[in-house]
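Encoded as structure tokens, the structure appears first; notes follow it.
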Amino acid sequence: MSIWGRWRGRAGPSRLPTPAAERFHLVLTYYQREPAYSLGLACISAYVKRELDDVSVHMVPLFLGDDPDEYVRHVTALEPHLIAVAAMHPTWMPTQPYLDALKRACPVTPVIVGGYQTIVSPHDTLAYPGVDYVCLGDGEEPMVALIRRLRGEADPTLAIPGVLERTMTNARQDATPVLVRDLTGMPFPDYTIFERDGDIDYLSPRAVQSRSLTTLPVVSGRGCPYRCTYCANTTLLELYGGKGGLLRKYDSQAFVLELARLRDRYGVEFFQFWDEEFVYDRRYTDRLLELYRDVVGLPFSMFVRIEGMSESLCKHAAACGCHTMWFGVESGSEAYRRTHLNRRMSNQQILDATATARRHGIKLMTFNMVGMPFETLDDIRATFALTRTIAPELNVVSQYFPLPGTPMYEVVRRHGLLLPQSEEQQMWPLGRLNIREHDGGISGHDMRQIATEIMQYLEEHTLCDA
Ligand code: B12
């Protein structure tokens, strides 16, 4: 009796592999406006490959404007036994037409969706035709359990922890999200799934560092201790029972050796640390940076909060190769930040921190949001006055987008400012409000006006390395 057999034919929608094929084909896919890594899927791939034999993992990214038929041809050619979709709230709607096309082409191939969309809105996602399973938290263990189930190695009548499934009655579902509590036992993300002819340079995320450098995003851990009202991290803090549960780190020694391996494997010339907040644990970060300097020795960038940009941190980071610090300003109005964003730093603190970084030769990339609820034209003018003073090498401006599960989403919903979501919204240019016009907020007309000025500023003031 082959390993596949005991529960053959009783599972939900599935296309069990014939004994001859034996290998289980897992297709990972995610929608992005422009080419970008999905570290979430890379972590899942690494764990599935470590825990299960006979599984082939294929990545089929989906980009804005991709032809659905071409995409379906690409996916079906891989003869998937399971299709795993990563989705954020803003990318879920644009993903749907491709899911529809997939389901028309291979109706019995099961589809699981995971990521922030399902962490925040699991039932809405499961209700979408063509979705068979949704993952409620971290995906590593649930994916292994689901593959075992689909291969007939687990009792299909038993619920899979952390997974909701369409064909199972709610009563029997185990809706407890499975959370990776300790990263030190987990494999590092599997970047091979992004390779094209053994190369990954085509995905190098551009920022302030030179466009010619092979750049790789990495994370030394997961989680952020802060509760900014517009960010999904607040949802994660609830999910993990506070920062004690959410903040996790890889073993620093093992992590640095992994970076050295990736450097040599892919000819990496620059690392971007994509940890939401890289320095909240100074003892860990200081040790990691020393090891990094001695073992890896490449320039890098990091996400950091203003409060973390102290003299000692900037001095140490610069000495270890820090090229750029990325941080959120979001709004230049102290009052708006304090009242609406739960961000209490003063403008003077922001200016002192950026001066400290500059003194140590560190470049700056800042993030602003515009079009937020109860944000006035004067507030946005204050944002750009402060940005001009900071004069970052690169300033990224996003049009505020209400994210379900965040405190600010509740404010928008409570005040009746939600707009019906549309696929096109993804493509809306900066300057088009993603919420209804309202008293005390900027008008649509003024938003378009100031957006033109912002784009002009960005054109004239973006100073990326040649
Ligand atoms: C790195 C990052 C990016 C990167 C890469 C995004 C990507 N493809 O993953 C870039 C810079 C491209 C990016 C862009 C954007 N981002 Co971003 N980003 C992040 C960040 C900082 C870290 C995400 C990460 O890699 N975590 C580490 C990995 C290992 O964890 P993970 O992704 O959570 O994956 C685990 C689970 O979620 C789950 N899982 C994930 N995918 C799947 C799939 C399946 C099938 C399963 C079963 C499980 C599963 O298992 C994984 C392993 O345990 C988060 C902040 C945060 N708090 O996480 C914001 C975050 C994800 N981004 C967010 C947003 C809104 C965006 C933008 C829309 C912003 C904008 N307006 O442009 C754009 C979207 C771009 C686009 N549409 O193309 C939001 C999403 C919120 C939401 N409710 O959807 C977050 C949470 C930040 C926030 N402000 O709230 N982002």
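The values are calculated or read from the model by the stated rules, or taken from the named source; none is laboratory data. Keep in mind the model is a prediction, meaning the values are calculated, not measured. Cβ sites come from the backbone with ideal geometry, for glycine too, and all protein chains shown count toward neighbours. The protein model used for the area step is the full one, side chains on, heavy atoms only, and it has no ligands, DNA or RNA in it. Shrake-Rupley method; radii C 1.70, N 1.55, O 1.52, S 1.80 Å.
Against the definition (of a type in the set (D, E, K, R) and within 15 Å of the ligand (Cβ to nearest atom)), how does R248 come out, yes or no?
Details: of a type in the set (D, E, K, R): yes; within 15 Å of the ligand (Cβ to nearest atom): yes.
Yes: the conditions hold for R248.
For the range 403-412: of the residues being out of contact with any Asp or Glu (no Cβ under 9 Å at 6 or more places or on another chain) and within 14 Å of the ligand (Cβ to nearest atom), which is modelled with the lowest pLDDT?
Narrowing the range 403-412 to residues out of contact with any Asp or Glu (no Cβ under 9 Å at 6 or more places or on another chain): 403, 406-412.
Filter once more, keeping what is within 14 Å of the ligand (Cβ to nearest atom): 403, 406-410, 412.
Working: L403: 91, T406: 94, P407: 95, M408: 97, Y409: 96, E410: 96, V412: 97.
Looking at residues that are out of contact with any Asp or Glu (no Cβ under 9 Å at 6 or more places or on another chain) and within 14 Å of the ligand (Cβ to nearest atom), I get L403.
Among helices (runs of 4 or more DSSP H) lying entirely in the range 135-247, which contain 3 or more residues that are open to solvent by less than 20 Å² (accessible area, probe 1.4 Å) and of a type outside the set (S, T, N, Q)?
Details: elements: 140-150, 233-239, 243-246.
So the answer is 140-150.
If I ask for residues that are closer than 18 Å to G115 by Cα and touching a Leu at 6+ places or on another chain (Cβ under 7 Å), which ones from the range 148-173 would you list?
So the first thing to find is which residues in the range 148-173 are closer than 18 Å to G115 by Cα, and the list is 160-166.
Correct list: I160, G162, V163, L164, R166.
Does E423 meet the test of being touching a helix residue (DSSP H, G or I) at 6+ places or on another chain (Cβ under 6 Å), at pLDDT 90 or above and surrounded by fewer than 17 Cβ atoms within 10 Å (Cβ to Cβ)?
Details: touching a helix residue (DSSP H, G or I) at 6+ places or on another chain (Cβ under 6 Å): yes; at pLDDT 90 or above: no; surrounded by fewer than 17 Cβ atoms within 10 Å (Cβ to Cβ): yes.
It is false that E423 is touching a helix residue (DSSP H, G or I) at 6+ places or on another chain (Cβ under 6 Å), at pLDDT 90 or above and surrounded by fewer than 17 Cβ atoms within 10 Å (Cβ to Cβ).
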